[in-house]
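K.L.:
One structure follows; several queries about it will come next.
Just so you know, all these numbers are worked out from the coordinates, no wet-lab data involved. No experiment lies behind these values; they were computed from the predicted model shown. Every residue, glycine as well, gets a Cβ built from its backbone with ideal geometry; the counts of neighbours run over all protein chains shown.
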């Protein structure tokens, strides 16, 4: 058994069953091992950002890591933007990055680079394998690192010779993975006292938000009159009818400031202190009121369900009923122009039970979230690191993780173009993904931000940097060229018919949704 | 004048006239400055790999750096693969990478990352600007670093507040750029003695190869009977009829070993010692014969023309006539199946004078190079770092650098998909680029490498990772969807007609050239 086979067996034994790949020469022995070691589902991406984004979407839904297979420093570089999103969202992932044979690095040939240095800024854990004998243990440690609560990006660098040389020891068994840490009793007491003191309070959830988190936070809120909030870009969020209610912190800092203005006790549960996404002249970075007391019930690595349960008990809340989102499906329109609100209503009306919404709609997505609050119960995953080009790959991975659930990907036209290659993987794997592409022909968010950062007087040259018409991209033809069925919707009636058809059928499709320009 | 305006003025004063951009919020003041400071041509890319690859292609042809404008760590990450190619090719480039405002980093908001750490592995020079007052001097130093012979990747990190705050000092003037270093006299003497000793010798050129380099090397070769070679992937290479003749070191190491087998004196001129691109079991990494003596006439940072002139004088060669490539245009076919040789002949027959060939044809490109040896005089630029996804962006930049010259981009179908977004920029800027896309539906080079690294018995799962059909990509529809005219050629007659039409017209177009599979 060579190193690559032992590595593959170790990954499988550790429960890693899917590998998203874009291999090169130095990874050929890993590829060859796929035919000798059965059990790993390998999914090819035509670009590495697809690979890492798909692994991210997979892990958020499967609740366990996938592996990626990447080629040297530049291949890893292409995957970094989505590793950034995964890292910021505490998403578990095991990257296998090939490198030149250990003895070949001395020649400093064209593809040579410092792979570990490329990996470090976007990985929680990095290790360079040095021998075939040690490789299985290295791989087991990589999986253990990925599983470290609440989830980590682990990158294992695999020199070609370590892959092809004989590994006599065989696969390794997993080292123990530490459980999520228990919150100290005094912290529970402090949070209970703060919430009971009568000042306006907000319980803010972040990261991987589960239905149980919402339920427990809702009970506590019912006991003390607190509000339940969720950070602007959680890693995942159960949403829609029947879920315990919560409000998301708005992206625009003025709105976030208003949202938090009356709050005097902020209890963080896997969330960080609310801060403005970007800096703006004349606006504060901190969003909580200066008189607001901050308390951390649970950091991301803590066992938050245990902490919320204990807090609920301390507040006599376990039997209380949380406020819940009702089921209220909007009426379908029989006429009307497209707007983000109208699209949101139609999606809310037609979204099937247990759907997964992958949100990279940017200016198109904000309203859809609010409109789906009363849709059938479903789940959102969001772009946690602000790096665009995540949506289509994440939808790809989510669909592989949950073949029985409909995936709806909200996607900006500008954002889609960073990793448009994902459509091909959706077609190859015949994934059940419907892409709602908001085509406004602009980097609309930047037109908004341009004004917000105090840049004045947009002239023709600045405008041309924020406008992605000229030429207009034909997303229908583009999707079809990559094997994905596509249609174009010009008004709400067309969008309704096309989205309804997509929800009733299976397989990948894209709806180019012709949105009005922001007109800024 | 704010920091961004002073930065822009400094770049313009230093001769940087083109900026390839993919901006985000933190770069909005730079974008705003474009309308207040005239003179910078800004070219938008829909993906950062397009931006950095275009800056690379531009600099190789313009012989001076362009700037890029990128958004934070993830945006820079997306550009890294082509920065790697530029770094390995000693290509001058000034990257301006926005970051959060200096005082905002403390909040560790979602887009925060260590931008300098992302930049370092693929940059020769990195600096984080800290104040608007110092920014113009920082920018001047960045340009000077880029111009450091033979060319460097310089990355200047620009926090948003440094961009928007007032800069009272105004633009800075350039610090002196060191000239290329002069080679010591004793080195000239050693090389002259080695070449005159009667042993079989090869003068090996690398990096930025000029017509004058070839001419001088050819004269020296004529004086001593040496061969003139060029490394496998030079940064640029004048080619075709009338150029002093040279032979490229083959990519496949067995062929390279045979090529170098008889050589006993190897004189390096801006080239490194020949080494196998990848490691292969049972093949050496060093390609020169063990009895071959290596001499370095000029390192990349040396003034190689001066060194070659002095060497020519030392060998009484200045008046000699080098061997030259003759003009011999292949006959156009009137029937026949497509092959890389047939496509090469047709390109060689029709390539106009002074054309620029951008080579990322991979298995498709090898033969075209040899066939164009006797075509009309033209120039090649090659993928210097082995990181694919360089060709379409580099062709974009080359066309902007040389609006009067036809650019022909040889592109593999697999490689094209890494940065396919470049087609949109070609359409927007109406660049005179003809893309010859070799569609064999495979990562054909990997099928070759799979066998070469000793991976045996390709099963269906390995095969599916190296095959990019299922679904077949419709490159004609894909190009058209991005605004580029496109046709498909199934045989040599169709290819001849389509390529001839492309050479006769101006503007971007793509020919999907239906190649047979390698059949491995």
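K.L.:
Take every Cα pair under 8 Å in segment A:340-514 that's 6+ residues apart, average their separations, divide by the length, and report that relative contact order as a whole percent.
P.N.:
Numbers: 320 pairs, mean separation 40.2, N = 175.
Relative contact order, segment A:340-514: 23 percent.
K.L.:
When you take every Cα atom in segment A:329-407, what is the radius of gyration, and what is Dmax, the widest Cα pair distance, in Å?
P.N.:
In Å, with Rg to one decimal and Dmax whole: 12.9, 38.
K.L.:
Ranked from highest to lowest mean number of other Cβ atoms within 10 Å per residue, what is the order of the peptides A:101-114, A:57-70?
P.N.:
Highest mean packing first, the order is A:57-70, A:101-114.
K.L.:
Further, regarding this structure: Residue separation times 0.36 nm, minus the C-alpha to C-alpha distance between residue A:503 and residue A:456: what's the value?
P.N.:
12.5 nm
K.L.:
Given C-alpha coordinates of segment A:185-314, what is the ratio Rg to Rh with the Kirkwood estimate of Rh?
P.N.:
So for segment A:185-314, dividing Rg by the Kirkwood Rh gives 0.95.
K.L.:
If you don't mind, another one. Placing a label point 7 Å from Cα toward Cβ, how far apart in nm is residue B:130 from its equivalents in the other copies, listed shortest first to one decimal?
P.N.:
Here the equivalent label points are 3.6 nm apart from this one.
K.L.:
Quick one: with label points 7 Å out along Cα→Cβ, list the inter-copy distances for residue A:35 in nm, shortest first?
P.N.:
Computed spacing set for this position: 6.0 nm.
K.L.:
Next up: Can you tell me how much longer the chain between residue A:211 and residue A:131 gets when fully stretched, taken as 0.36 nm per residue apart minus their C-alpha distance, in nm with one decimal?
P.N.:
24.4 nm
K.L.:
Copy-to-copy spacing for residue A:505, label 7 Å out on the Cα-to-C-beta vector, in nm, shortest first?
P.N.:
Once sorted, the set of distances for residue A:505 reads 3.3 nm.
K.L.:
PRE reach from residue A:305 (point 7 Å along Cα→Cβ): which of segment A:399-430 fall under 20 Å by backbone N?
P.N.:
A:402
K.L.:
Follow-up question, since we're still on this one. What translational D, rounded to a whole number of µm²/s, comes out for chain A from Stokes-Einstein when the hydrodynamic radius is the Kirkwood one over Cα pairs, at 20 °C and 1.002 mPa s?
P.N.:
89
K.L.:
Here's another thing I want to ask about it. Compute the FRET efficiency between residue B:472 and residue A:106 as 1/(1 + (r/R0)^6), taking r as their Cβ-Cβ distance and R0 = 51 Å, and round to the nearest 0.05.
P.N.:
Working from the Cβ atoms, E equals 0.75.
K.L.:
Hey, another quick one. Give me the percent of DSSP beta bridges within the protein assembly as shown that run antiparallel, rounded to the nearest 5. Let's see the in-between values first.
P.N.:
Working: 18 of 152 bridges.
The antiparallel fraction comes to roughly 10 percent.
K.L.:
Within a 10 angstrom radius of each residue's Cβ in A:292-302, how many Cβ atoms of other chains show up on average? Whole number is fine.
P.N.:
0
K.L.:
In addition: Label 7 Å along Cα→Cβ of residue A:494; segment A:431-456 residues with amide nitrogen under 13 Å?
P.N.:
A:439
K.L.:
Moving on. Give the share of C-alpha pairs in each 10 angstrom bin for segment A:3-164, from 0 to the last occupied bin, in whole percents, shortest bins first.
P.N.:
Percent of Cα pairs in each bin: 12, 47, 35, 5, 0.
K.L.:
Which of the peptides B:166-173, A:294-301, A:383-390 is most tightly packed, and how do the rest follow, going by the mean number of other Cβ atoms within 10 Å of each residue?
P.N.:
Top to bottom by mean Cβ count within 10 Å: A:383-390, A:294-301, B:166-173.
K.L.:
Starting from the 7 Å offset along Cα-to-Cβ, what nm value, one decimal, do you get for the label separation of residue B:517 and residue B:251?
P.N.:
For residue B:517 paired with residue B:251, the spin-label model returns 2.0 nm.
K.L.:
What number, in percent, do you get for the relative contact order of segment A:10-98 if the mean sequence gap of Cα pairs under 8 Å and at least 6 apart is divided by its residue count?
P.N.:
About 34 percent, as a whole number.
K.L.:
For a test of the definition: using alpha carbon positions, the gyration tensor, and the 1.5 limit on a/c, classify the protein assembly as shown as rounded, prolate or oblate.
P.N.:
prolate
K.L.:
Could I ask something else about it? Can you pull the mean other chain C-beta count within 10 Å for peptide B:423-431?
P.N.:
Mean shielding count: 2.
K.L.:
Ignore the peptide's own chain and count Cβ atoms of other chains within 10 Å of each Cβ in B:378-387; give me the average, rounded.
P.N.:
Taking all residues of B:378-387 together, the mean is 3.
K.L.:
Further question: Say R0 is 60 Å: what FRET efficiency, to the nearest 0.05, do residue A:117 and residue B:313 get from their beta-carbon distance? Intermediate results must be reported in sequence, preceding the final value.
P.N.:
Details: r = 45 Å, r/R0 = 0.74.
Result of the calculation: an efficiency of 0.85.
K.L.:
Show me B:276-282, A:423-429, B:331-337 ranked by packing, highest mean number of other Cβ atoms within 10 Å first.
P.N.:
Result, highest mean Cβ count within 10 Å first: A:423-429, B:276-282, B:331-337.
K.L.:
Taking all pairs of different Cα atoms in segment A:416-495, averaging 1/r and flipping that mean, what Kirkwood radius in angstroms comes out? Intermediate results must be reported in sequence, preceding the final value.
P.N.:
Values: mean 1/r = 0.0676 Å⁻¹.
Roughly 14.8 Å, rounded to one decimal.
K.L.:
Rounded to the nearest Å, what's the spacing between the alpha carbon centres of segment A:388-450 and segment B:267-298? Just the number, please.
P.N.:
46
K.L.:
Between residue B:335 and residue A:63, what is the label-to-label distance in nm when each label sits 7 Å out along the Cα-to-Cβ direction?
P.N.:
6.7
K.L.:
Mean separation of Cα pairs under 8 Å and 6+ residues apart, divided by the residue count of segment B:3-164: what relative contact order is that in percent?
P.N.:
Working: 360 pairs, mean separation 44.6, N = 162.
Relative CO of segment B:3-164 lands at 28 percent.
K.L.:
Further question: At 7 Å along the Cα-to-beta-carbon direction for both residue A:35 and residue B:291, put a label point, then send me their distance in nm to one decimal.
P.N.:
Simple spin-label model gives 4.2 nm for this pair.
K.L.:
Could you compute how fast segment B:340-514 diffuses translationally, taking Rh as the Kirkwood radius over C-alpha pairs and applying Stokes-Einstein at 10 °C with viscosity 1.306 mPa s? Give it in µm² per second.
P.N.:
After rounding, the answer is 98 µm²/s.
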